[in-house]
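Right, one structure below, let's go through it.
The values are calculated or read from the model by the stated rules, or taken from the named source; none is laboratory data. None of these values were measured; they are calculated from a predicted model. All Cβ positions, glycine included, derive from the backbone under ideal geometry; neighbour counts span all protein chains shown. Just the protein is used for accessible areas: all its heavy atoms, side chains included, with ligands, DNA and RNA removed. Shrake-Rupley method; radii C 1.70, N 1.55, O 1.52, S 1.80 Å.
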Protein chains: 2
Amino acid sequence: MTVRVALLQHASPAGSDRAQILQTFAAMAREAKSKGAQIIATQELFASHYFCQIEDSARMDLAESIPGPTSTFLSNLARELDVEITASLFERRTAGIYHNTSIYMNRGGEIIGKYRKMHIPDDPRFYEKFYFTPGDLGWQVVDGCAKAGLLICWDQWYPEAARLTTLLGAEIIFYPTAIGWWHGETESDKRQQREAWITMHRAHAIANGVWVAAINRVGTEGDLKFWGSSMVISPSGEVVAEASTDEPCVLVVDCNLALIEETRRGWPFLRDRRIDAFGGLACRMLDAPVANR
Amino acid sequence: MTVRVALLQHASPAGSDRAQILQTFAAMAREAKSKGAQIIATQELFASHYFCQIEDSARMDLAESIPGPTSTFLSNLARELDVEITASLFERRTAGIYHNTSIYMNRGGEIIGKYRKMHIPDDPRFYEKFYFTPGDLGWQVVDGCAKAGLLICWDQWYPEAARLTTLLGAEIIFYPTAIGWWHGETESDKRQQREAWITMHRAHAIANGVWVAAINRVGTEGDLKFWGSSMVISPSGEVVAEASTDEPCVLVVDCNLALIEETRRGWPFLRDRRIDAFGGLACRMLDAPVANR
């Protein structure tokens, strides 16, 4: 009932080319395999720098079809290492439709799962709405050596996404992410932001009784310093392993899937959800209150 | 834009009679008023011991109609002190229908809001499903000196409840609660439980950009030691004030409501919710996955 997961945290700076990043990644994946990893997870958009800091349509050239060169590289790696891989890619679906997409490969290198980021941010230096068409595949759980829920970065702020992925049967939810500090922020704001990010992931684990894995990049790119801190959280909300804020890391963690049922029996939250009164969750705002809406 | 809130944490042990508890409460309320409180909040079922540790139908005698003696006492107190009060009561609605209910009184002592606990737990020593009929008033926000969301204890584990209350316009969500440790648990489990409880409240604040106030009791009652730790959390998820795990406390905190808009502009989570894909939240479980369900 235990699955060994490896989170690969690294820098993918502007200026490094894709081949170079993929070689770095492959070396880390081999290290993970040597440590017994069964599932290897990438950070968000791992194969390039975080290109969304400006709006530049030429950067859409970074997108690839799926399958495409990067996914084929990963499929070959999964087959070679006999591991499952979940990877975050910039997907070119057709001219003018690009997605922020996670795929999941089995040990044979076959793509057995795909999720397109549903919640798309747009903040100064994170102009993702410019690049990414919102996902249209809904919530996704893949039947790998664990039932793997696929969510991406901004989704992490939405309890709805974690809940829906749980209701589909997820045992481990993977959140590749690219989150960092802008150099103009105060130290206090920086601390608060990272802490809020950790808190949300822990809350997803607790509320749903699932394992959560968040994989973030490190390094400075332009105005942003990505804060790493990739982590794995148990179904009771304990951070069982955490990478540093600065260094690359192959974070290998055993996830005991039996803890899911044990935790949910102890705190049976899923039993008591008032589904008769949740209709309002599909509203933008409940401007005109209605009882039991 | 700042509202001063007082959380009244105290013991309400078995053996103390209601008049005695109400006098203790009134003294604490006067202290809160002397410190400038505008809203006073009680812990869950503050007017009696936590009677749900066994299933005994005679204990339903503790329930009162609303309005009834306890609510009238509180209305008089609100009028006398010129404060708003939100209080958690054991409500007798009719023979055989009892609720775990929060009411909200304005400064004139008038009851201007009522919420009946929607999520009812049932665990060893917390046999609430025996006593409390699930609420049928839906989610409630009261137009007091702040827009006050009313949720109760077990609701705290449900992101859906916090979200719906936020969508109704809540600025501060009040969670009267009765949560504690069973003497048979390990120290490690106890730490983890309290931390999970704090984490969930912080996550509600972060995900929704609202103030959160949780009011818990202290003291040992039978097999349970209630862990106090009443707290107020800012819209960015910072615990701005916290009571001890052991002692009674009048926790007086200024809540700057302007932080709500500031926080939500910085992290505009409410803007991006994928309401087109949230239908599944009203399901118990998504046994048969359907895209975009």
Of B:Leu167, B:Leu224, B:Leu151, the one that fluctuates the most in a GNM where chain B has Cα springs shorter than 10 Å: B:Leu167
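Per-residue mean of other chain beta-carbon atoms within 10 angstrom of the beta-carbon, peptide B:119-128? Don't skip to the end; give the middle numbers.
Working: counts 6, 2, 5, 3, 4, 0, 0, 0, 0, 1.
Mean partner shielding for this stretch: 2.
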Shape category assigned to chain A from the gyration tensor of Cα positions, a/c cut at 1.5: rounded
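Restricting to Cα pairs below 8 Å that are 6+ residues apart, what does the relative contact order work out to for chain A? Please round to a whole percent.
Values: 644 pairs, mean separation 56.7, N = 293.
Relative contact order for chain A comes out at 19 percent.
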Percent accessible area from carbon and sulfur atoms, the stretch B:80-146, protein chains only, probe 1.4 Å: 46
Built amide H within the under 5 Å cut-off of B:Ala241, gap 5+: B:Val232
Most mobile listed residue (B:Val142, B:Val212, B:Val240) in chain B, GNM with C-alpha springs under 10 Å: B:Val240
Spatially proximal lysines relative to B:Lys114 (Cα-Cα < 22 Å; intrachain offsets below 8 disregarded): B:Lys129, B:Lys147
Cα gyration tensor shape for the stretch B:91-207, rounded if a/c is under 1.5, else prolate or oblate: oblate
From phi via Karplus (6.51, -1.76, 1.60), per-residue ³J(HN,Hα) for the stretch B:84-100 in Hz, x at Gly/Pro: 8, 10, 10, 9, 9, 10, 8, 9, 9, 8, 7, 4, x, 10, 10, 10, 9
Residue-normalised accessible area of chain A, given per residue in Å² at a 1.4 Å probe: 35
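What is the stretch B:1-85's relative contact order, in percent, from Cα pairs under 8 angstrom and six or more apart in sequence?
Working: 76 pairs, mean separation 32.2, N = 85.
The value is 38 percent.
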In Hz, Karplus ³J(HN,Hα) per residue of the stretch B:267-279 (6.51, -1.76, 1.60; θ = phi - 60°; x = Gly, Pro): 10, x, 5, 5, 5, 9, 4, 8, 5, 6, 10, 9, x
Placed amide H near A:Gly109: partners under 5 Å, 5+ positions off or other chain: A:Arg79
Label distances, nm, A:Ala58 versus same residue in remaining copies, Cβ-directed 7 Å point: 8.4
Buried area at the A-B interface (accessible, heavy atoms, 1.4 Å probe, summed, Å²): 5700
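Figure the gain on full extension for B:Phe130 and B:Ala26 (residue separation times 0.36 nm, minus the Cα-Cα span) and round it to one decimal in nm. All intermediate terms of the calculation are to be shown ahead of the outcome.
Numbers: separation 104, 0.36 × 104 = 37.44 nm, distance 3.04 nm.
Full extension from B:Phe130 to B:Ala26 adds 34.4 nm.
Is the C-alpha gyration tensor of the protein assembly as shown telling us rounded, prolate or oblate? Criteria: a/c under 1.5 is rounded; beyond that, a/b larger than b/c is prolate, otherwise oblate. Mind dumping the intermediate values first?
Numbers: a/c = 2.20, a/b = 1.91, b/c = 1.15.
Prolate is the answer for the protein assembly as shown, as a/c is 1.5 or above and a/b outweighs b/c.
Could you work out the helix-only [θ] at 222 nm for chain A, with each DSSP H run of four or more residues adding -39,500 (n - 2.57) and the total divided by the number of residues, to the nearest 500 deg cm²/dmol?
On the way: 6 runs with 74 residues, N = 293.
Per the formula, -8000 deg cm²/dmol.
For the stretch B:2-282, give the share of DSSP beta bridges that are antiparallel, in percent and rounded to the nearest 5; count only bridges with both residues there.
Numbers: 40 of 57 bridges.
Within the stretch B:2-282, antiparallel bridges account for around 70 percent of the total.
On average, how many beta carbons from a partner chain sit within 10 Å of the beta carbon of a residue in A:196-206? Don't skip to the end; give the middle numbers.
Details: counts 10, 2, 3, 10, 7, 2, 7, 12, 3, 2, 8.
Per residue, the number of nearby Cβ atoms from other chains is 6 on average.
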Protection proxy ranking of A:130-139, B:4-13 - average other beta-carbon atoms within 10 Å, highest first: B:4-13, A:130-139
Qualifying aspartates and glutamates (Cα of each under 20 Å from Cα of B:Lys35; at least 8 residues distant if same chain): B:Glu80, B:Asp82, B:Glu84, B:Glu242, B:Glu247, B:Asp254
Residues whose placed amide H lies under 5 Å from that of B:Cys255, excluding near-sequence neighbours: B:Val3, B:Arg4, B:Val5
Teacher prompt: B:Glu247 distances to equivalent labels in other copies, 7 Å Cα→Cβ, nm: 4.3
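For peptide A:163-172, what's the mean number of Cβ atoms from other chains within 10 Å of each residue's Cβ?
4
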